[in-house]
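Since the structure comes first, as structure tokens, the remarks are kept for the end.
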Amino acid sequence: MRLLAAAAALVLLLAGTGLAQEGCVTDQCHSNMGKATYVHGPVGAGQCVVCHEDGNPDHPTKSGQDFKLAFGGGKELCYACHDRKDANRTVHKPVATGDCVACHDPHQSDAELQLKKPTTSELCFSCHENNKTNKSFVHGPVAAGDCNICHNPHSSPYPNLTEEKGAELCLLCHIDRKEEFTRKYVHKPVEEDCTNCHNAHATDAKYMLYGEGKELCYRCHKEKKKQIEEAVVQHTALKKESCTACHTPHSSNYPRQLKSPTKDLCFTCHTAMAEKIKNSKYLHGPVKQNDCYACHDPHGTNYAKILKKPFPAQFYMPYKTENYALCFDCHNKDIALNEFTTKLTDFRNGDRNLHFLHVNKDPKGRSCKACHEVHAGNQEKHIRKEVPFGKMWKLPINYTKTPTGGRCVVGCHKPKEYDRENPVVY
């Protein structure tokens, strides 16, 4: 306010000398002054003495002699009328050095704000390297030459002279995407800065990403890249699609930023399994809990069906506990080790362990899936209705549970019953 008052006083003082409005703009001197599209206020008002002092009373008739600048010139002259532009932490170099006329013409210009170039970007590229518009995809403000949409040309509280910090800057324009950043699980780069994945100026990748498809994700997820590329069994979805087929890149209401609950997401491709589970009375625990990931790793593994741990694909094989590591993450690993037991399992005739009888054999130990459904079924204990055997036949299994045992009618032996309290004699 002090400087503004001083400038006003200077105008009044010099106006009395007759130099404020006469002699500057004539056919002989400064004839084009005030003729451009945008004219500095004092010039338009004919008040040259707001910025210039004259120590020579004959100046109007003599060319080649300039008025001296008031206040010694530089930024202090501009700040006599304009608010200071250097108060923030990050200050543009011309502003810091007081070189306002590096960007603005102090008299007039055909560009808005009396800029020295037709567009903001042309002005910026007078100093900055023009490497922002030579890519396949260019950010809208950059393409339009509006650098000042994102950057403050004078000063800013933030690095790079941005108008806001991090994602808040992007959301000044991308209001329609704001909901994507407010869900329960937010991608870490999003929490930090959108420019972790997107280039703010231009790239050769769609959406101004730093890379195409999975390659962008691999910039951070190096361990997943190694897993996916080295997996013996690869997820078909990852062969055909990018990571965003399953994950949202910004945020999600589901763990691991999945697009929907795990089971629903898997069923978008595995439609036959979806139908089976929908029509089944009994669901395996992980399926019931919507946790396909409990058994499968969608990024790839060294085991069939992208299982996370070993489980035999064969119908018959010699029994080893480690061959069923997947099942024994949840189930008792000792269930088939003892021929006789009263605690390890309810599948027993008296104290004879019928799991041991069926499974613990060499060479024809039966796989768990010989009798049990691994996803869902309509018989108790997840007993299968039928079991694929070879290429031509499916072994039927009809199971009835009783209070102290059960009864099997199967294709591999005659109907048999078992009872834990009153053992059946075969």
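The values are calculated or read from the model by the stated rules, or taken from the named source; none is laboratory data. What you are looking at is a predicted structure, and each value in this text was computed from that prediction instead of being measured. Because the Cβ atoms are built from the backbone with ideal geometry, glycine has one as well, and the counts that use them run over all protein chains shown. In case anyone asks, the SASA skips ligands and DNA or RNA and just uses the protein heavy atoms, side chains included. Shrake-Rupley method; radii C 1.70, N 1.55, O 1.52, S 1.80 Å.
Some points to look at:
- Among residues other than Tyr210 with Cβ under 12 Å from its Cβ, the summed charge is 0 (Lys and Arg +1, Asp and Glu -1).
- For the chain, the solvent-accessible area with a 1.4 angstrom probe is 63 square angstrom per residue.
- 222 nm mean residue ellipticity, helices alone, for the chain (DSSP H n ≥ 4; -39,500 (n - 2.57); rounded to 500): -4500 deg cm²/dmol
- Dipole magnitude for the stretch 308-426: about 400 debye, using +1 per Lys or Arg Cβ and -1 per Asp or Glu Cβ, origin at the Cα centre.
- Order of exposure, largest accessible area first, which applies to Val95, Val374 with probe 1.4 Å: Val374, Val95
- Label assignment, semi-axes √(5λ) of the Cα gyration tensor in Å derived from the structure, set [x] 86, 19, 16; [y] 47, 27, 22; [z] 46, 21, 18: [x]
- Long-range amide H partners of Asn349 with built H, under 5 Å: Leu354
- Ranked from largest to smallest solvent-accessible area, with a 1.4 Å probe on the protein heavy atoms, Thr182, Thr341 come out as Thr182, Thr341.
- Residues whose placed amide H lies under 5 Å from that of Val233, excluding near-sequence neighbours: Thr301, Asn302, Tyr303
- Pairwise centroid distance, computed over Cα atoms, of the stretch 117-154 with the stretch 288-324, Å: 55
- Result for the chain in a Gaussian network model with C-alpha springs under 10 Å: among Gln379, Gln257, Gln314, the largest mean-square fluctuation is at Gln314.
- Dipole of the chain, positive direction: furthest Cα of Asn148, Val190, Ala313, with charges on the beta-carbon: Ala313
- Dipole moment magnitude, nearest 20 debye, the chain about Cα centre, only Lys, Arg, Asp, Glu C-beta charged: 3740
- Couplings 3J(HN,Hα) of the stretch 407-422, computed from phi: 9, 10, 10, 10, x, 9, 7, 5, x, 9, 10, 9, 8, 6, 9, 10 Hz, in residue order, whole Hz [Karplus 6.51 cos²θ - 1.76 cosθ + 1.60, θ = phi - 60°; x for Gly and Pro].
- Seen from Ala336, the other residues with C-beta closer than 11 Å to its C-beta sum to a net charge of +2, counting Lys and Arg as +1 and Asp and Glu as -1.
- Lys, Arg +1 and Asp, Glu -1 on Cβ, resulting dipole of the stretch 336-377 about Cα centre, debye, nearest 20: 100
- Lysine pairs in the stretch 206-272 with Cα atoms under 16 Å, if 8 or more residues apart or on separate chains: 11
- Charge-dipole axis of the chain as Lys and Arg at +1 and Asp and Glu at -1 on Cβ define it, positive-most pick from Cys24, His372, Gly72: His372
- Accessible-area value, Arg219, 1.4 Å probe, nucleic acids and ligands omitted, Å²: 120
- Distance from the stretch 192-212 to the stretch 165-180 (C-alpha centre basis), Å: 15
- Working from label points 7 Å from Cα in the Cα-to-Cβ sense, the Lys35 to Glu223 distance is 7.2 nm.
- Two tests apply to each whole DSSP H helix in the chain, Cα reach of 15 Å or more along its axis and mean Kyte-Doolittle hydropathy of at least 1.0, and the ones passing both are 2-15.
- Solvent accessible area, Å² - Asp27, 1.4 Å probe, full protein context: 140
- Residue-count net charge about Cys220 - beta-carbon cut-off 15 Å; Lys, Arg +1, Asp, Glu -1: +3
- Surface composition of the stretch 221-281: carbon and sulfur make up 56 percent of the accessible area, probe 1.4 Å.
- Residue (of His235, Ile175, Cys327) at the positive-pole extreme of the chain, dipole from beta-carbon charges: Cys327
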